[in-house]
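Here the structure is laid out as structure tokens; the discussion comes afterwards.
Each value in this text was obtained by applying a stated rule to the coordinates, not by laboratory testing. This is a predicted model, so every value here is computed, not measured. Reconstructed Cβ throughout: ideal geometry from the backbone, glycine too, with neighbour counts over all protein chains shown.
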Amino acid sequence: MTADGRKVEAEGVPGQRLLEVGQNIGMPLEGTCEGQMACSTCHVIVAAEWFDRLAGAADDEEDMLDLAAGVTRTSRLSCQIVLSEELDGLEVRIPEESRDMQGR
Ligand code: FES
């Protein structure tokens, strides 16, 4: 879901990172560090019902999330979410602040 509440569907393949899937459909996920956990521009907010079904965040990811704008309890870095069959239907939201970073 986009920051303004629009719902967008994306298709990914198992093993693909959520960041790439989002970028492929034009979501404003910069992913500046390309998955090195050195930025936080790939921050997404995971739907509560999906959050617990994801593999837990590593300490480095938690540290990076602490620096991200608009963080919530179910925030994750989309470069650290690897798609699998089990995650079919996963819902995430693009945080509002990421639009500002792009100057929109
Ligand atoms: Fe930089 Fe995910 S792309 S932390």
Worksheet, complete the sentence: Once the dipole of the chain is set up from charges on Cβ (+1 Lys and Arg, -1 Asp and Glu), the residue from the list C79, S40, M27 lying farthest towards its positive end is M27
Worksheet item: How many nm is it between the label spots at D52 and D4, if each spot is 7 Å from the Cα in line with the beta carbon?
Response: 3.5
Practice prompt. In nm, give the distance between the simple-model label positions of E34 and T72, each being 7 Å from the Cα along the Cα-to-Cβ direction.
Written response: 3.1
Worksheet entry | Per-residue [θ]222 nm for the chain (sum of -39500 (n - 2.57) over DSSP H runs n ≥ 4, rounded to 500) | -5500 deg cm²/dmol
Item to complete: Report the equivalent ellipsoid semi-axes for the chain in whole Å, largest first, defined as the square roots of five times the eigenvalues of the gyration tensor built from alpha carbon atoms.
Response: 18, 16, 13
Item to complete: Please give the peptides 34-43, 67-76, 80-89, 51-60 ranked by average Cβ packing (other Cβ atoms within 10 Å per residue), highest first, as a rough proxy for protection.
Response: 34-43, 67-76, 80-89, 51-60
